[in-house]
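Only one structure is covered here, and it is reproduced in the block below.
Quick note: the coordinates plus some simple rules give every number you see, no bench work behind them. None of the values given here were measured: they were computed from a predicted structure. Cβ placement follows ideal geometry from the backbone for every residue including glycine, while neighbour counts extend to all protein chains displayed.
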C-alpha cells in the first residue's frame, strides 16, 4: 500500500467472478430416480427445501431445478470431493427470489477458493430444469 | 474520500455482477400459447422485435429465445411487480450480436438496484430456447 | 492519473465480465451431423479433445457439450468472422474441471476486446448438452 489505495489492492473482496456453473436436468429422469431410490429425496434435500414458502410439497420440476442448483455450485467449485448435498440449499427470499444457503462442507470449499457470495437463477419448462450460478469472490 | 480514490469507492459503477438470470422455453409450447391467445404476441413484443434485421418475421424459436431473455431479466431483478414486457427488448447490433434495450419500468427497477448494464446470450436448438443475462452495476 | 491510483483506472485488467455466452445442443442432432459429414469431427475437434483423460473416445453427449462451449465462446465474442474451431478447445484439469484453451484466431479476437480469461461450465442430460462461458477482461 502506497496510499489510500493501491493499484493491486483496489478491489475489495467479493467483486470478481471466480467461477460459473450450469446444470440441466431432465425432470422425468430425476423423478424416476427419486422413486427408484426412496432415501434419495432425504439425502439431497433438507426438509425445509422440499416445501414451498406456503408449506406445500414442491413439484418434481421445482425439486429438479434445486438439484440443478446444487450440481451447478459443485461445478463452479471444481467438484471437490467431500461436498454434502445438504450444505448447499436453495431458499426463497420474501420476494420469491431463489438464493443459495451455503454451509458446512460447501462453505469450506468456497472459502478456500476466496468465494464470498453467490448469484443463482433457476428455470424449468417442458421437462427440462436448469440452473446457473456465479461464484463471486 | 481520503484521496484521489478511497478503498470503499475504488470500483466505478458498472463493474460488479449484481444478478444473473436464466430461462429455458419449450418452443412448441410457446408457439401454442401465441396461437391460443391472439393478442399475446403484441403484448410481449414491440413491432420491431418481431422482425429480423432484414425485415422478415422472426421464427417461433427466435421469438421464444427473446421471450426467455425477458424472463431472464425479470429473474435477475428478483421479479418485482409492475414490469412491462415492452420495456425489455432484444435488438441485434450491426454485427448480429443480440443486446438488451431496457426502458421504462424495467430501467427503473434496474436503476433502483444499481444496475447500469447488461450482458445477454441466446440459444435455441431442438425445440428448446434459452437465454442467460448478467446484471452489471 | 492524480495519485497511486485513479478513479477511472482503479480496476486492474481481468476483473470485469465483458461477455457471456450460452449454447444448447440437441445431442441426437449433433450426432447425426457428425455421421452425415465424415470430416466434421476433425474440423471441430483437435485429436486430444476427442479423448477423455483416460484415453477413451468421448461420448456424443460429451462432444456436444464441447461443441456448445465453442459456440458459447463465439457468441461471447460477438461471432466475429474468421474464428477457427480448433482455436477454442476444452481441456480437463487434473481435478476434472473443464477449462478453455484459447489460441490463434480466437485468442486474437479476445485480446482485441480486452478479454484476458474465461470461465466455463458444461452440462448434459436427457439428450440436451449445454455450455455457459464468461469472458473476463
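Some observations on this one:
- Result for chain B in a Gaussian network model with C-alpha springs under 10 Å: among B:109, B:74, B:94, the largest mean-square fluctuation is at B:94.
- Shortest-first distances to equivalent copies, position residue B:57, nm, label 7 Å out along Cβ: 4.4, 4.4
- Here is how far apart the residue C:40 label points are across copies: 3.2, 3.2 nm, shortest first, using a point 7 Å from Cα toward Cβ.
- Exposure proxy order (Cβ contacts within 10 Å, fewest to most) of A:73, B:17: B:17, A:73
- In chain C, Cα pairs under 8 Å separated by at least six residues give a relative contact order of 36 percent.
- Cβ-vector label at 7 Å, residue C:104, separations to other copies in nm: 4.8, 4.8
- Distance between the 7 Å Cα→Cβ label points at residue C:54 and residue A:93: 4.3 nm.
- Region B:53-126 and region A:69-137 have their alpha-carbon centroids 25 Å apart.
- Order of A:54, C:59 under a 10 Å beta carbon neighbour criterion, fewest first: A:54, C:59
- Inter-label distance for residue B:112 and residue B:40, nm, one decimal - labels placed 7 Å from Cα along Cα-to-Cβ: 2.8
- For residues of B:113-124, the mean tally of beta carbons on other chains within 10 Å: 4
- Sorted from longest to shortest, the spans of the Cα atoms of the protein assembly as shown along the three principal axes equal 60, 54, 53 Å.
- In terms of other Cβ atoms within 10 Å, A:71, C:99 run from fewest to most in the order C:99, A:71.
- Estimated from the Cβ-Cβ distance and a Förster radius of 30 angstrom, the FRET efficiency linking residue B:29 and residue B:103 is about 0.60.
- Measuring spread by the Cα atoms of region C:38-137 yields a radius of gyration and Dmax of 13.1, 38 Å.
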